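Participant: Take this structure, written in structure tokens, and hold onto it; I'll ask about it next.
Just so you know, all these numbers are worked out from the coordinates, no wet-lab data involved. Computed from a predicted structure; not experimentally measured. Quick reminder, even Gly has a Cβ in these numbers, built from the backbone with ideal geometry, and neighbours come from all protein chains shown.
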Amino acid sequence: MLTLATRLEAINRFIGKTIAWLALAMVLITVVVVIERYLFESGSIRLQESITFMHALVFMLAAAYTLAAGDHVRVDIFYSTLSPRAQAWVDLLGSLFLLLPFCVFLLWSSWGYVAVSWDIKEASQEAGGLPYPFIPLMKSAIPVTALLLAGQGLVIGARSLTRLNVDASET
């Protein structure tokens, strides 16, 4: 079980570190947009939309990586004062009753939204905006985010169970 958990977490860490490069791309493209606008008095809707979509991808696809790194927001003032066993229980119950149901809901509710986007070959509504398939690809990141977060939730649950079992065997 821990081998699978380690592999799932490695996937999330790889995706997170890879997707982080989009932040650099967003900065560079923003510089190009500003130069176009103020030096050449022109602009590109496609470039502006691409910045928005890259930001969405960074936010969504790095969520599981952030969870794996332990950098998500939580009430550490209480969590840090708990014993390791109590922390394991909080992690396990939080994953089972908060994170995983949220992931199921996100996957279920986004499925039709993404399917319609692919079915109608959705493109930008702006003249000169991003063409098909960029919009459906970006929307497809929503269920992918749900799956990555659910996978990381299973990793947290497996590690919490292991900690609880180790603690129980030591007593």
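Participant: Computed from the coordinates I sent, Cα extents along the principal axes in Å equals one of (i) 63, 39, 31; (ii) 63, 34, 23; (iii) 72, 36, 27. Tell me the label.
Facilitator: (iii)
Participant: Grab the DSSP H runs of the chain that are 4 residues or longer, score each as -39,500 (n - 2.57), total them, divide by all residues and round the 222 nm result to the nearest 500 deg cm²/dmol. Intermediate values should be presented prior to the final figure.
Facilitator: On the way: 8 runs with 132 residues, N = 171.
Estimated from H runs of four or more residues: -25500 deg cm²/dmol.
Participant: Can I ask one more? How far, in degrees from 0 to 90, does helix 21-39 lean away from the longest principal axis of the Cα atoms of the chain, to the nearest 10?
Facilitator: 30
Participant: Applying a 10 Å radius around every beta-carbon, put 135-142, 80-87 in order of their mean neighbour count, most first.
Facilitator: Peptide ranking by packing, descending: 135-142, 80-87.
Participant: A follow-up question, please. For segment 33-171, with only Lys/Arg (+1) and Asp/Glu (-1) charged at the beta-carbon, what is the dipole magnitude about the Cα centre, in debye rounded to 20?
Facilitator: Dipole magnitude for segment 33-171 comes out near 220 debye.
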